[in-house]
Amino acid sequence: QDWGGKMKIYSKQRGDVVIINLIGTINGGKDCEKLDGMVREKAEAGHRKIIINFQLIRFITSCGIGTLISCKKLVEGHGGRIAMCCLDRRPVSVLYKSKLYDYFDITDTLKQALALMENTETVAAEA
């Protein structure tokens, strides 16, 4: 699905984990809608383990932070877990400054995020 905006987003699945890859910057508006839409689509389809890969994201606005909070609540509300990996120095500093770094599950690498999800119990999706 195309939500518009400048940030690129695509997902892939590895076992029971969905990896959402982001490219560019999360500037707000359409970029936030894209991320929220993708996470919502995956959670509502029954995916309970979601990783957001920030390897190619260089900047995130306060709108993007708000979207991440919303995505975390959404996935947890569906009985799942969401993690973020590969954050650049700038997005990490925004999370530290907003005192939200410890609120999220954040790993340095995708491999670490996958290991985190491997040890995660989730609530089965309702049929």
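The values are calculated or read from the model by the stated rules, or taken from the named source; none is laboratory data. Just so you know, these numbers come straight off a predicted model, no measurement behind them. Quick reminder, even Gly has a Cβ in these numbers, built from the backbone with ideal geometry, and neighbours come from all protein chains shown. With ligands, DNA and RNA removed, areas are computed over all heavy atoms of the protein, side chains included. Shrake-Rupley method; radii C 1.70, N 1.55, O 1.52, S 1.80 Å.
The one condition from (1) open to solvent by 10 Å² or more (accessible area, probe 1.4 Å); (2) modelled with pLDDT under 90; (3) touching a helix residue (DSSP H, G or I) at 6+ places or on another chain (Cβ under 8 Å) that Ala127 does not meet is (3).
In the set (1) at pLDDT below 95; (2) touching a helix residue (DSSP H, G or I) at 6+ places or on another chain (Cβ under 6 Å); (3) part of a strand (DSSP E or B), Gly24 fails one condition alone, (2).
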